[in-house]
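Here is the structure we will look at, set down as structure tokens.
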There are 2 protein chains.
Amino acid sequence: MTRILFRKAQLADVPAIITLLADDVLGRLREDPGPPIDRRYVDAFHAIDSDPNQLLAVAVCGSEVIGTLQLTFIQGLARKGAWRGQIEAVRIARSQRGTGFGKQMFAWAIEQCKERSCHLVQLTTDKTRTDAHRFYDQLGFEATHIGYKLTLK
Amino acid sequence: MTRILFRKAQLADVPAIITLLADDVLGRLREDPGPPIDRRYVDAFHAIDSDPNQLLAVAVCGSEVIGTLQLTFIQGLARKGAWRGQIEAVRIARSQRGTGFGKQMFAWAIEQCKERSCHLVQLTTDKTRTDAHRFYDQLGFEATHIGYKLTLK
């Protein structure tokens, strides 16, 4: 069995990440996996990569990117200056679904939040993603909030 | 009528912001408004203040801080490197509730997100804050997501 490695994404991972973002019932309408790779993805990668409060991560098995997520570490004044870890843009390769890999990826992500002394981890998920809801419930997340979005353009 | 000014928070605003954070059915259990002011609030203020992707804001009427919120600008790879504006830690002074001031503060916050070219504005609110839900619905926000939290400590 090939070992799964979790690490910060590198520029060379960007096409694979976009392919994962696009391979999704909601994402396929919004992404352009190329080739060629749209310059805006590369620019965004560099901005995210150089921000110490951002961690764009990949899970790699052999030479294949099998999962991705983005962590944002946000400090507030509330709770005496507490940090929270926020997880966005979670994608798992189709071949890995139902294998327990998602749980492994989240264990890694939560560990990153602990290392940054976050008092909580938060994420929102579309109300239509019922499989995801079961997954987060099982991980011990609590569905205490409503996630509101306002599209600007 | 004294004009309301919206601006980036300054160090001198921190005690007033903490008082607002603490004057809340959920927040009062979590904050220590002092005096003296807990050093951790000051340290957090400086970290937030120096991060170009954070905007801790206050609304001021005369010399009084009557509202606060924190904006975080988050870039992702998704949607060709789109930015989103996230609003956290919204508080409105009791004296200003029901006056239309909240709407004014949100119009200002949404404008900041537009200036940063965000494609959407997002926030989560506790399921128990039914007044807040009505408020966000009226502003045109859509309750499309579920907000999950995992407390680490």
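The values are calculated or read from the model by the stated rules, or taken from the named source; none is laboratory data. Predicted, not measured: the structure shown is a model, and the values here were computed from it. Glycine also receives a Cβ, built like all others from the backbone with ideal geometry; neighbour counts cover every protein chain displayed. For accessibility, only protein heavy atoms count, side chains too; no ligands or nucleic acids. Shrake-Rupley method; radii C 1.70, N 1.55, O 1.52, S 1.80 Å.
Out of (1) farther than 26 Å from B:THR68 by Cα; (2) open to solvent by 50 Å² or more (accessible area, probe 1.4 Å); (3) at the interface with chain B (Cβ under 7 Å from one of its Cβ atoms); (4) in contact with a strand residue (DSSP E or B) (Cβ under 7 Å, 6 or more places away or on another chain), the odd one out for A:ILE48 is which?
That leaves (2) as the condition not met.
Tally up the residues in region B:137-153 that are within 7 Å of another protein chain (Cβ to nearest Cβ), free of Cβ contacts under 8 Å to residues at least 12 places away in the same chain and not small (Gly, Ala, Ser), please.
Here the count works out to 9.
Does region B:65-83 hold any residues that are closer than 21 Å to B:ALA22 by Cα and either among the small types (Gly, Ala, Ser) or touching a residue at least 40 places away in the same chain (Cβ under 8 Å) (or both), and which are they?
Of everything in region B:65-83, those that are closer than 21 Å to B:ALA22 by Cα and either among the small types (Gly, Ala, Ser) or touching a residue at least 40 places away in the same chain (Cβ under 8 Å) (or both) turn out to be B:VAL65, B:ILE66, B:GLY67, B:THR68, B:LEU69, B:LEU71.
Only one of B:GLY85, B:GLY100, B:GLY76 is of a type outside the set (Ser, Thr, Tyr) and more than 30 Å from A:ALA89 (Cβ to Cβ). Can you tell me which? Give the derivation first.
On the way: B:GLY85 fails: more than 30 Å from A:ALA89 (Cβ to Cβ); B:GLY76 fails: more than 30 Å from A:ALA89 (Cβ to Cβ).
Within the list B:GLY85, B:GLY100, B:GLY76, the selection yields B:GLY100.
Scanning region B:1-36 for residues that are open to solvent by 70 Å² or more (accessible area, probe 1.4 Å) and in a loop (DSSP other than H, G, I, E, B), which turns out modelled with the lowest pLDDT? Can you show your working first?
At the first step, the residues of region B:1-36 found to be open to solvent by 70 Å² or more (accessible area, probe 1.4 Å) are B:1-3, B:5, B:8, B:10-12, B:19, B:25, B:28-30, B:35-36.
So of that shortlist, the ones also in a loop (DSSP other than H, G, I, E, B) come out as B:1-3, B:10, B:25, B:30, B:35-36.
On the way: B:MET1: 60, B:THR2: 71, B:ARG3: 90, B:GLN10: 98, B:VAL25: 72, B:ARG30: 84, B:PRO35: 88, B:PRO36: 91.
Step by step, filter region B:1-36, then rank; the result is B:MET1.
Out of region B:22-45, which residues are more than 7 Å from chain A (Cβ to nearest Cβ) and over 28 Å from B:THR128 (Cα atoms)?
Hits for region B:22-45 are B:PRO35, B:PRO36, B:ILE37, B:ARG39, B:VAL42.
What residue, of A:ARG134, A:ARG97, is more than 10 Å from chain B (Cβ to nearest Cβ), touching a helix residue (DSSP H, G or I) at 6+ places or on another chain (Cβ under 9 Å) and of a type in the set (D, E, K, R)?
A:ARG97
What number goes with the only condition from (1) out of contact with any Asp or Glu (no Cβ under 6 Å at 6 or more places or on another chain); (2) at the interface with chain A (Cβ under 7 Å from one of its Cβ atoms) that B:PRO15 does not pass?
(2)
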